[in-house]
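Visitor: Okay, here's the structure, questions in a sec.
The values are calculated or read from the model by the stated rules, or taken from the named source; none is laboratory data. Quick caveat: nothing in here was measured; it's all calculated off a predicted structure. For neighbour counting, all protein chains shown are included, and Cβ atoms are generated from backbone atoms with ideal geometry for every residue, glycine included.
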Amino acid sequence: DQQVKQNSPSLSVQEGRISILNCDYTNSMFDYFLWYKKYPAEGPTFLISISSIKDKNEDGRFTVFLNKSAKHLSLHIVPSQPGDSAVYFCAASAGYGGATNKLIFGTGTLLAVQP
Amino acid sequence: DAGVIQSPRHEVTEMGQEVTLRCKPISGHDYLFWYRQTMMRGLELLIYFNNNVPIDDSGMPEDRFSAKMPNASFSTLKIQPSEPRDSAVYFCASGLGGTLSYEQYFGPGTRLTVT
């Protein structure tokens, strides 16, 4: 079963507008969430994260929102730029009794920012 | 630092052959992860090591898959015998323990094609 779900395989946005990528999870034990970005022929790179004790974390053009009651998080990119075109993965960790490094990833969303 | 190094970048082999994927983690990182990326399942964690010791191999799909980490600077993922359904991109990632334990650094991946 998929504990971390990204239900939109792709998203197309105009340059300068807001991109909103969504992620849902099922495991209430998850206590830390991350977003990774992946360009073709490269490995994923860390983008931004949020702890379950917060509901928002901002880093420049990127903001992650967490709604624990809905088990939902989203990544907002404002303004979107063509260089943001990539696959975005949502990931979660439950801090499994000290083995905090285990991440569960979603299937990814392909973002295309049109010039 | 050169980052996580993986070899080969591409591997094409025939069904039934043995395949060995290699990984050199970032120096000083004490966690090493092997992932497989497919369209259907996204990024799946196969196995991870802490200080060269396998911690969780619950993601290894079958006995045909095995992984070793003989020292802190080298790991292998072996598939024997390989099957067409093993075709995917395999990523190696490394990370630090402690408060930065959630962030993982990925290699460029090995694209495996089994015909």
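Visitor: I'd like to verify a number: residues in the range B:1-14 that are over 21 Å from B:Met69 (Cβ atoms), part of a strand (DSSP E or B) and away from chain A (no Cβ under 11 Å), how many?
Guide: Counting residues in the range B:1-14 that are over 21 Å from B:Met69 (Cβ atoms), part of a strand (DSSP E or B) and away from chain A (no Cβ under 11 Å) gives 2.
Matching residues to (1) within 30 Å of A:Ser10 (Cβ to Cβ); (2) out of contact with any strand residue (DSSP E or B) (no Cβ under 7 Å at 6 or more places or on another chain); (3) modelled with pLDDT under 95; (4) of a type in the set (D, E, K, R):
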{"site": "B:Ser7", "(1), (2), (3), (4)": "no, no, no, no"}
{"site": "B:Val12", "(1), (2), (3), (4)": "yes, no, no, no"}
{"site": "B:Met15", "(1), (2), (3), (4)": "no, no, no, no"}
{"site": "B:Lys24", "(1), (2), (3), (4)": "no, no, no, yes"}
{"site": "B:His29", "(1), (2), (3), (4)": "no, no, yes, no"}
{"site": "B:Trp34", "(1), (2), (3), (4)": "yes, no, no, no"}
{"site": "B:Met39", "(1), (2), (3), (4)": "yes, yes, yes, no"}
{"site": "B:Glu44", "(1), (2), (3), (4)": "yes, no, yes, yes"}
{"site": "B:Ile55", "(1), (2), (3), (4)": "no, no, yes, no"}
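Visitor: I would also like to ask the following. From A:Phe46, A:Phe30, grab the single residue that is aromatic (Phe, Trp, Tyr) and closer than 24 Å to A:Pro79 by Cβ.
Guide: Answer to the selection: A:Phe46.
Visitor: Scan the range B:71-108 residue by residue and report those that are out of contact with any Pro (no Cβ under 9 Å at 6 or more places or on another chain) and under 10 Å from B:Val4 (Cα atoms).
Guide: Answer for the range B:71-108, where residues must be out of contact with any Pro (no Cβ under 9 Å at 6 or more places or on another chain) and under 10 Å from B:Val4 (Cα atoms): just B:Pro108.
Visitor: Please state which one of B:Gly97, B:Gly42 is closer than 21 Å to A:Ser93 by Cβ, without any contact (Cβ under 8 Å) to a residue 12 or more places away in the chain and over 13 Å from the mean Cα position of the chain (by Cα).
Guide: Numbers: B:Gly97 fails: without any contact (Cβ under 8 Å) to a residue 12 or more places away in the chain.
Result: B:Gly42 is the single residue among B:Gly97, B:Gly42 that is closer than 21 Å to A:Ser93 by Cβ, without any contact (Cβ under 8 Å) to a residue 12 or more places away in the chain and over 13 Å from the mean Cα position of the chain (by Cα).
Visitor: Could you name every one of the strands (runs of 3 or more DSSP E) located completely within the range A:1-91 that has at least 2 residues being in contact (Cβ under 8 Å) with a residue 60 or more places away in the chain and buried (at least 17 other Cβ atoms within 10 Å of the Cβ)?
Guide: Working: elements: A:10-14, A:19-25, A:32-38, A:45-51, A:56-59, A:62-67, A:72-77.
It comes to A:19-25, A:32-38.
Visitor: Within the group A:Val13, A:Val64, which residue is among the β-branched types (Val, Ile, Thr), under 12 Å from the mean Cα position of the chain (by Cα) and modelled with pLDDT of 95 or more? Give the derivation first.
Guide: Details: A:Val13 fails: under 12 Å from the mean Cα position of the chain (by Cα).
That would be A:Val64, the only listed residue that is among the β-branched types (Val, Ile, Thr), under 12 Å from the mean Cα position of the chain (by Cα) and modelled with pLDDT of 95 or more.
Visitor: Do we have any residue at all in the range A:92-109 that's more than 9 Å from chain B (Cβ to nearest Cβ) and at pLDDT 95 or above?
Guide: For the range A:92-109, residues more than 9 Å from chain B (Cβ to nearest Cβ) and at pLDDT 95 or above: present.
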